[in-house]
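*Asks:* Starting off with a structure, shown below.
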Amino acid sequence: MTFALAAAAHRANGGTMSLFPPATCSRLIVKIGSALLVDAEGAVRRSWLVGIAADIAARTRAGQQVAVVSSGAIALGARRLGLAKGGRGTLEDAQAAAATGQIALSQVWADVLGGEGLTAAQILVTLDDLEHRRRYLNAAATLDRLLTLGVVPIINENDSVATEEIRFGDNDRLAARVAQAAGAGGVILLSDIDGLYDRNPALPGASHIPRVERIDGKIEAMADTGSASGMGSGGMVSKIAAARIANAAGAHLAIASGHTDRPLSTEARHTLFIAEKGASARKAWLAGGLTAKGRLTIDAGAAKALQGGASLLAAGVTGATGSFARGDILDIAGPDGRVVARGLSEYPAADAAAIVGLGRDAQEAALGYAPRSAMVHRDHMVLL
Ligand code: GLU
């Protein structure tokens, strides 16, 4: 039995709460997986898209701002180019497929949303655009402007230029990042599975988890790897990683099945991951960062001071590695090597290395200029 069939078999009298209604969620991000957009022959599932466009229109009329993270470029392009393995055989194939499929994908979104009187806008981003502080702020500003103008942003990864090292690879985490940048209250990941199960849902006795208050090791162990459809790249592991990012940014996240005609207006079973309370977007951005540019190792005294809310002073740092600039994200590891915090570096790598372990007076001599108050300021740091 496939993952999807198993999920369907388990779909019985589950929780039927309506997901993120406009009254309680003013901004919503909806991620749509490849298998919902593109059929097994590689053609666009247009009538399904017409349904979801009607759902989006109903929500916008009720005052909700909606952005869509749409997969499907690779699946569509691969079909047009006749590429093997759904265009995912090599990175070059995926890039060519994405470039070809994206233009068709945007067209179809513009058409179906246009049919509802809505304007679509395309945003293609790379991992760096959402992880580099300055560019993240730019992307956030663009999203905000589009949403306040009543436009529906259609977002995808810029797969045709993103190389392996700078790729999200799956749109689940991209959707969570977009939610964070847009300050959204909710994220819905629509795919071919109606939520998290305590084990692979194809196994006998698997039970559906309706609500997750906190993502811990037990929840992570429930995730199976791989995409059910084989068309997209995100499996349950990337969905849980997305939930972690979204929840830390103060957004609830739901995993729901898109296998109904109007998935955003029909009540169906799903798993809801509850947002952390009081998470600030800036700190969330730091905690969710996928790539640190460098690493500081600190002594036990400094580790204790950080727990108490202090900034990280150079005197407590025992090592600085990596090539980073001022403002880049650094991992901060305790004496045992475990990463205990993340923050923005006040110094470029060479200067940080020059003042490792030094007190304030000695720092000035080593740097040749007046030192900053800390190596990582507490306002730009998050404890993990
Ligand atoms: N960005 C990819 C595409 O448009 C999809 C990534 C994913 O599978 O989540 O085809």
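*Asks:* Could you check the simple spin-label distance between Met222 and Thr148, using points 7 Å along Cα→Cβ, in nm with one decimal?
*Replies:* It works out to 3.9 nm between the two label points.
*Asks:* Let me ask another. What accessible area, in Å² to the nearest ten, does a 1.4 Å probe give for His270?
*Replies:* Spelled out: His270, probe radius 1.4 Å, area about 10 Å².
*Asks:* Ratio of alpha-carbon Rg to the 2.2 N^0.38 Å globular estimate for the chain, to two decimals, please. Present the calculation step by step, with values, prior to reporting the outcome.
*Replies:* Values: Rg = 22.3 Å, N = 384, 2.2 N^0.38 = 21.1 Å.
In units of the 2.2 N^0.38 Å rule of thumb, it is 1.06.
*Asks:* Given the options Asp351, Asp111, Asp216, which has the most mean-square fluctuation in a GNM of the chain, springs set between C-alpha atoms less than 10 angstrom apart?
*Replies:* Top of the fluctuation ranking is Asp216.
*Asks:* Could you work out the per residue convex hull volume over the alpha carbons of segment 307-384, in cubic angstrom?
*Replies:* Convex hull volume per residue, Cα atoms: 83 Å³.
*Asks:* Name the most mobile residue of Gly217, Gly183, Gly115, meaning the one with the largest mean-square fluctuation, in a Gaussian network model of the chain with Cα contacts below 10 Å.
*Replies:* So, out of Gly217, Gly183, Gly115, the one fluctuating most is Gly217.
*Asks:* Could you state the accessible area per residue of the chain in Å², with a 1.4 Å probe and every protein chain left in place?
*Replies:* 42
*Asks:* While we're on this one: What nm distance separates the two modelled labels at Ala350 and Asn200, each placed 7 Å from Cα along Cα→Cβ?
*Replies:* According to this spin-label approximation, the distance is 5.3 nm.
*Asks:* If I build a Gaussian network model for the chain, linking alpha-carbon pairs within less than 10 angstrom, which residue out of Arg372, Arg79, Arg167 has the largest mean-square fluctuation?
*Replies:* Arg372
*Asks:* Still on this structure: Where in the chain lies the longest segment free of GluC sites (Glu not before Pro) that are both loop residues by DSSP (not H, G, I, E, B) and have at most 14 other Cβ atoms within 10 Å? Don't skip to the answer; put the middle values down first.
*Replies:* Details: sites that count: Glu41, Glu213, Glu267.
The reported range is 42-212.
*Asks:* On to the next question. Could you give the distance between the Cα centres of segment 326-376 and segment 130-191, to the whole Å?
*Replies:* Taking the Cα centre of each part, segment 326-376 and segment 130-191 sit 31 Å apart.
*Asks:* Out of all DSSP beta bridges with both ends in the chain, state the antiparallel percent to the nearest 5.
*Replies:* Values: 21 of 52 bridges.
The answer is about 40 percent antiparallel.
*Asks:* Starting from the 7 Å offset along Cα-to-Cβ, what nm value, one decimal, do you get for the label separation of Arg135 and Ile274?
*Replies:* Simple spin-label model gives 3.7 nm for this pair.
*Asks:* Roughly how much of Asp93 is accessible, in Å² to the nearest 10, using a 1.4 Å probe?
*Replies:* Approximately 50 Å² for this residue.
*Asks:* Bin by bin, in steps of 10 Å, what percent of the Cα pairs in segment 78-133 do you find, going until the bin that has the longest distance?
*Replies:* 21, 34, 34, 11
*Asks:* So, in the chain, how many Lys pairs have Cα atoms under 26 Å apart, if the pair is 8 or more places apart or on different chains?
*Replies:* Number of lysine pairs found: 16.
*Asks:* Roughly how many percent of the accessible protein surface of segment 338-379 is carbon and sulfur, given a 1.4 Å probe and a whole-percent answer? Present the calculation step by step, with values, prior to reporting the outcome.
*Replies:* On the way: 970 of 2010 Å².
It is 48 percent, rounded to a whole number.
*Asks:* Can you give the relative contact order of segment 238-384 as a percent, counting alpha carbon pairs under 8 Å and 6+ residues apart?
*Replies:* Numbers: 278 pairs, mean separation 31.3, N = 147.
Averaging sequence separation for qualifying contacts and normalising by length gives 21 percent for segment 238-384.
The values are calculated or read from the model by the stated rules, or taken from the named source; none is laboratory data. Computed from a predicted model, the values in this text were never measured in an experiment. No Cβ is skipped: glycine too gets one built from the backbone with ideal geometry, and neighbour counts run over all protein chains shown. Just so you know, the surface numbers come from the protein's heavy atoms only, side chains and all, with ligands and any DNA or RNA stripped out. Shrake-Rupley method; radii C 1.70, N 1.55, O 1.52, S 1.80 Å.
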